[in-house]
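The values are calculated or read from the model by the stated rules, or taken from the named source; none is laboratory data. Since this is a predicted model, take the numbers as computed values, not measurements. Neighbour counts are summed over all protein chains in view; Cβ atoms, including those assigned to glycine, are modelled from backbone coordinates with ideal geometry. With ligands, DNA and RNA removed, areas are computed over all heavy atoms of the protein, side chains included. Shrake-Rupley method; radii C 1.70, N 1.55, O 1.52, S 1.80 Å.
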Amino acid sequence: MKTKEILRKARKFAAPFRVVRGDKFRLDAYDPEDTLGLKSEDKERAKEALAAGIETLAELQDRLYAQDKWAVLLIFQAMDAAGKDGAIKHVMSGVNPQGCQVYSFKAPTSEDLDHDYLWRCMRCLPERGRIGIFNRSYYEETLVVRVHPELLERQKLPPQLVTRKIWKQRFRDIRNFERYLAGNGVAICKFFLHVSKKEQKRRFLERLENPEKNWKFSSADLKERGFWREYREAYEDMIRHTAAPHAPWYVVPADNKWFTRVAVAAAVIDTLASLKLAYPELAEAQRKELAAARRALLAE
Ligand code: ATP
Ligand code: MG
């Protein structure tokens, strides 16, 4: 397949999952099992498409790096066992590690809590020419912290600043922050890997029953599962308040891993393709310099 064809297909594939305006967003309009009509017999073809996509992604990343103007920020959010780690691993498998930085955001440290909540993420923003991946992010501040208000109490905020409006204020902060980033040449692409409660149960059981997967199980995950409805509402509200054309959310069906990976790859390819990346062109003087260097080498 030609690159142009891959770019066209990626755009078409990612489009149904892209959310650029939140006002009418409803999570139940998105089916975690959706495969855009592809059947499990199509799995092999999907894997081939993913391989072709990964090659295209590597080419785009090479241009991103050479051009050194844009930075790309990919944000991954999901319930446990939705496949964030696997999606990141597979989709980024072809890119040059030097041009890519992955950060996982866990519960904040005491140093983190001594600062405003965006601080720890700001320090990890990608440099120009790079792809930065946030495996969880500042969005946890409107998810886990909202579902468990005792976490907010530990944030050492002045009490008069903690009101009922705090979540609206956080959404506003995040919107402003992302607008600022976009205006400075950071292309933002956000993923919510949408897994069903039924599939999460299946994956947790697999982690418990398969010795090679035991290490992935944590009883804390089971506890969070008990807050499924609260998380669902928090995710929906987050997307409603923070989807924007310059920082779209992709609500990717996550019950079938093979499909999730193709959809994530398609969205990343589409994001990079939209930047119109090109290798830098040399000025006349630089071209002359190269020609002189070539002559000097050949004359040795
Ligand atoms: P995996 O389980 O696949 O290794 P993970 O992202 O679930 O990956 P964990 O170490 O299991 O990693 O969990 C990280 C935990 O940190 C999550 O439960 C998440 O909600 C929590 N966390 C992240 N950011 C914050 C935050 N700002 N405040 C409180 N908890 C947070
Ligand atoms: Mg976990």
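Does K190 meet the test of being part of a helix (DSSP H, G or I) and basic (K, R)? For K190, the condition - part of a helix (DSSP H, G or I) and basic (K, R) - is not met. Would the range 126-134 turn up any residue that is open to solvent by 90 Å² or more (accessible area, probe 1.4 Å), on the phi > 0 side of the Ramachandran plot and outside any helix (DSSP H, G or I)? No, every residue in the range 126-134 fails to be open to solvent by 90 Å² or more (accessible area, probe 1.4 Å), on the phi > 0 side of the Ramachandran plot and outside any helix (DSSP H, G or I).
Among the candidates L181, L193, the residue that is open to solvent by less than 60 Å² (accessible area, probe 1.4 Å), in contact with a Pro (Cβ under 9 Å, 6 or more places away or on another chain) and within 21 Å of I75 (Cα to Cα) is uniquely L193. Going through the range 206-262 one residue at a time, which ones are open to solvent by less than 40 Å² (accessible area, probe 1.4 Å), within 16 Å of ligand 2 (Cβ to nearest atom), of a type in the set (D, E) and more than 13 Å from L143 (Cα to Cα)? Once the filter is applied, which keeps residues that are open to solvent by less than 40 Å² (accessible area, probe 1.4 Å), within 16 Å of ligand 2 (Cβ to nearest atom), of a type in the set (D, E) and more than 13 Å from L143 (Cα to Cα), the range 206-262 yields only D221.
With respect to the conditions (1) within 12 Å of ligand 1 (Cβ to nearest atom); (2) closer than 20 Å to Y235 by Cβ, Q155 lacks only one, and its number is (2).
Filter the range 104-125 for residues that are in contact with a strand residue (DSSP E or B) (Cβ under 8 Å, 6 or more places away or on another chain) and under 19 Å from T142 (Cα atoms); which is surrounded by the most Cβ atoms within 10 Å (Cβ to Cβ)? Out of the qualifying residues, it is C121. With respect to the conditions (1) open to solvent by 20 Å² or more (accessible area, probe 1.4 Å); (2) closer than 22 Å to E236 by Cβ; (3) more than 13 Å from ligand 1 (Cβ to nearest atom); (4) not in a loop (DSSP other than H, G, I, E, B), Q101 lacks only one, and its number is (2).
Yes or no, residue by residue, for (1) within 16 Å of ligand 2 (Cβ to nearest atom); (2) open to solvent by less than 10 Å² (accessible area, probe 1.4 Å); (3) under 20 Å from C189 (Cα atoms):
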residue: L74; (1), (2), (3): no, yes, yes
residue: E141; (1), (2), (3): no, no, yes
residue: V147; (1), (2), (3): yes, no, no
residue: V162; (1), (2), (3): no, no, no
